[in-house]
Amino acid sequence: QVQLVESGGGLVQPGGSLRLACAAAGIIVSISTMGWYRQAPGKQRALAARITLGGPTNYADSVKGRFTISTDNAKNTVYLQMNSLKPEDTAVYSCNTVPELKGYWGQGTQVTVSS
């Protein structure tokens, strides 16, 4: 039984930072390809960042240079460090495998960037 639980979202001013966490159970992060997805109001869900087997990373152009995805294998947790946040980063952020598996979606965590 796979469970992915996101946390760390909140309200932050433009230019601020947040660190999101995805605690995983029933899946081993270090031998999986994991991603952070986001869905803004009125838009489709899109992949923002990906980490492959706890190593190589990939980012959407819109977040490159500002976001960093990483894993803590001892905690079996995936993180997303978000810096220099912009209002257009406002979205519900969720973690899942890449490609995503329908049954793995958790509740996500809301990130709101506003002054």
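What lysines sit close enough to Lys86 to cross-link, taking a C-alpha to C-alpha distance under 23 Å and skipping anything fewer than 8 places away on the same chain?
Lys43, Lys64
Using a simple charge model, +1 on the beta-carbon of Lys and Arg, -1 on the beta-carbon of Asp and Glu, nothing else, what dipole does the chain show about its Cα centre, in debye to the nearest 20? Spell out each step's value before the answer.
On the way: 10 positive and 6 negative charges, 18 e Å.
With only Lys, Arg, Asp and Glu charged at Cβ, the dipole is about 80 debye.
Just the accessible area per residue of the chain, please: how many Å² with a 1.4 Å probe? Mind dumping the intermediate values first?
Values: 6110 Å² over 115 residues.
I get 53 Å² per residue for this part.
Quick one: which residues, 5+ away or cross-chain, put their amide H under 5 Å from the amide H of Ala48? H built at 1.01 Å from N.
Those lying under 5 Å, H to H, from Ala48 are Trp36, Tyr37, Arg38.
Near Gly65, within a Cβ-to-Cβ distance under 14 Å, what is the net charge of the other residues, with Lys and Arg +1 and Asp and Glu -1?
Numbers: positive: Lys64, Arg66, Lys86; negative: Asp61, Asp89.
Around Gly65, the charge tally is +1.
Over the chain, what percent of the accessible surface lies on carbon and sulfur atoms, probe 1.4 Å? All intermediate terms of the calculation are to be shown ahead of the outcome.
Details: 2970 of 6110 Å².
Carbon-and-sulfur percentage of accessible area, whole number: 49.
Compute the distance in nm between two label points, each set 7 Å from the Cα along the Cα-to-Cβ direction, one at Thr52 and one at Lys86.
So the label points at Thr52 and Lys86 sit 2.7 nm apart.
Can you compute 3J(HN,Hα) from phi for each residue in segment 70-87, using the Karplus curve 6.51 cos²θ - 1.76 cosθ + 1.60 with θ = phi - 60°, rounded to whole Hz and x for Gly and Pro?
Coupling constants for segment 70-87: 8, 10, 10, 5, 5, 9, 6, 10, 9, 10, 9, 7, 10, 10, 6, 5, 10, x Hz.
Semi-axes of segment 25-115's equivalent ellipsoid from the Cα gyration tensor, sqrt of 5 times each eigenvalue, largest first, rounded to whole Å?
Values: eigenvalues 93, 45, 26 Å².
After diagonalising the Cα gyration tensor, the semi-axes are 22, 15, 11 Å.
The values are calculated or read from the model by the stated rules, or taken from the named source; none is laboratory data. Values in this document were obtained by computation on a predicted structure and should not be read as measured data. Methodologically, a virtual Cβ is constructed for each residue, glycine included, from the backbone with ideal geometry; neighbour enumeration extends over all protein chains shown. For the accessible areas, the whole protein counts, side chains as well, though only heavy atoms, and no ligand, DNA or RNA atoms are used. Shrake-Rupley method; radii C 1.70, N 1.55, O 1.52, S 1.80 Å.
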